[in-house]
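To start, the structure itself, in structure tokens.
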Amino acid sequence: MKDANRNELTIEEAGRVAALARLKLSDAELEAARFELARVLGHFRQLETVDTSSVEPVFNPQDSVNKLREDTAIEGLEREQLMSLTEYVKDGCLTVPRTVD
């Protein structure tokens, strides 16, 4: 993927993309993914050839304005009140499922 003018994607590059996406693909699936990724990159290469030098940048298609409110502190719930709303409490702390191995 280093050479922008290249039309092909190596099987190793497709494997790297699959690994980054945490996909375990068979050899046949990896070959199909390589073909599809190469097609997507080809579309981006085609878009790069479009002359946009005379097109003004559009930052927001609508004339909208942020409606801001006053940032004022309000009284919140006490810790005991919050802990009473859940059954997942251990030693005074919330427990959550492990997300990182």
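Taking the Cα centre of the chain as origin, work out the dipole magnitude from +1 charges on Lys and Arg Cβ and -1 charges on Asp and Glu Cβ, in debye rounded to 20. Spell out each step's value before the answer.
Working: 13 positive and 20 negative charges, 55 e Å.
Charge dipole, the chain, about its Cα centre: 260 debye, nearest 20.
From the C-alpha coordinates alone, can you work out the Kirkwood hydrodynamic radius of the chain, in Å? Please list the in-between numbers first.
Working: mean 1/r = 0.0493 Å⁻¹.
Kirkwood radius, the chain: 20.3 Å.
Where does the chain land at 222 nm, in deg cm²/dmol rounded to the nearest 500, when only DSSP H runs of n ≥ 4 count, each adding -39500 (n - 2.57), divided by all residues? Walk me through the numbers on the way to the answer.
On the way: 3 runs with 37 residues, N = 101.
Result for the chain, helices only: -11500 deg cm²/dmol.
Using only Cα atoms, tell me the angle between helix 11-20 and the longest principal axis of the chain; keep it within 0 to 90° and round to the nearest 10.
Its long axis makes an angle of about 10 degrees.
With point charges of +1 on the Cβ of Lys and Arg and -1 on the Cβ of Asp and Glu, referenced to the Cα centre of the chain, which listed residue (61, 96, 11) lies farthest in the positive direction of the dipole?
The residue sitting farthest along the positive end of the dipole is 11.
Throughout, read-outs are computed from the coordinates displayed, never taken from laboratory work. Predicted model only: the values in this text are computed from it and were never measured. Note that we place each Cβ from the backbone using ideal geometry, even for glycine, and neighbour counts take in every protein chain shown.
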